[in-house]
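First the structure, in the form of structure tokens, and then the observations on it.
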Amino acid sequence: FSIFSFDIFSQTKKDALKLYRNGDYAEAIKVCQEEITEKPNNMDSYVVLCWSLVRNKQYSEAELWAIKGREISSYDQRIIEILGEAKYYLGNYKGATEQFQKYFSNATESHPRLGSAYYLMGEIYIKQGRYMHADISLSMAVKKDATNDKWWTELGYAREMAKDYVRAAEAYDKALSINPSSINAEKGRTRVNS
């Protein structure tokens, strides 16, 4: 009877990761906070909580929870990466860069958020006017996800700013092949071809 009761309980318990993947970030946040109250050292709960907070644009809260998560497991690559994202969205580019560099030095090539981290690092380099560095980061991002037209457009922009017009046009063309209605890619291609 107790096994049967446990099965009913586990089936009714909400899955925070599933809620996150379905875009129900507020509910995922609530579930993760409840899980952390029950099991304060559950890194999976910290990670999904921080992912949900970032997607819900609660960047300060994401940063705070990620810092708490790092106190439990300072080498968890998922928490390092999401802390970098939170810092990026808060405009703390130095802090974001530090976290992303830690993440890049230890993350495996198969880590699912590697492309996003490279993309954000490329955005930081663009903001700093370091266009060759941006080219490298954004090239890594599109290597991880070659179907993201926004990333290709940013790569084109970084190359355009570095005065590498031929390769900029190639990146803009790739973005337009993925999304023919991309206004930014169209404008970029027009600029480098004129």
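Quick notes
- Rounded percent of accessible protein surface that carbon and sulfur make up, region 24-65, 1.4 Å probe: 47 percent
- A 1.4 Å probe run over the protein chains yields, for the chain, 55 Å² of accessible area per residue, whole-number rounding.
- Residue with peak Gaussian network fluctuation, the chain [Cα springs, cutoff 10 Å], from Leu114, Leu64, Leu17: Leu64
- GNM top mover of Ser45, Ser110, Ser139 - the chain, alpha-carbon springs below 10 Å: Ser110
- Given +1 at the Cβ of Lys and Arg, -1 at the Cβ of Asp and Glu and no other charges, the dipole of region 146-194 around its Cα centre is 100 debye to the nearest 20.
- Taking a straight line from the alpha carbon of Lys57, these lysines sit under 25 Å away, with near neighbours fewer than eight places off in the same chain left out: Lys14, Lys18, Lys30, Lys68, Lys87, Lys94, Lys102, Lys127, Lys144, Lys150.
- Its Cα centre serving as origin, region 60-188 has a Cβ charge dipole (Lys and Arg +1, Asp and Glu -1) of approximately 200 debye.
- When the chain is treated as a GNM with alpha-carbon contacts under 10 Å, the residue of Arg70, Arg21, Arg78 showing the greatest mean-square fluctuation is Arg21.
- Within the accessible area of region 98-154, the carbon and sulfur atoms contribute 52%, probe 1.4 Å, all protein chains present.
The values are calculated or read from the model by the stated rules, or taken from the named source; none is laboratory data. Bear in mind that the values here come from a model prediction, so they are computed numbers and not experimental data. Note that we place each Cβ from the backbone using ideal geometry, even for glycine, and neighbour counts take in every protein chain shown. In case anyone asks, the SASA skips ligands and DNA or RNA and just uses the protein heavy atoms, side chains included. Shrake-Rupley method; radii C 1.70, N 1.55, O 1.52, S 1.80 Å.
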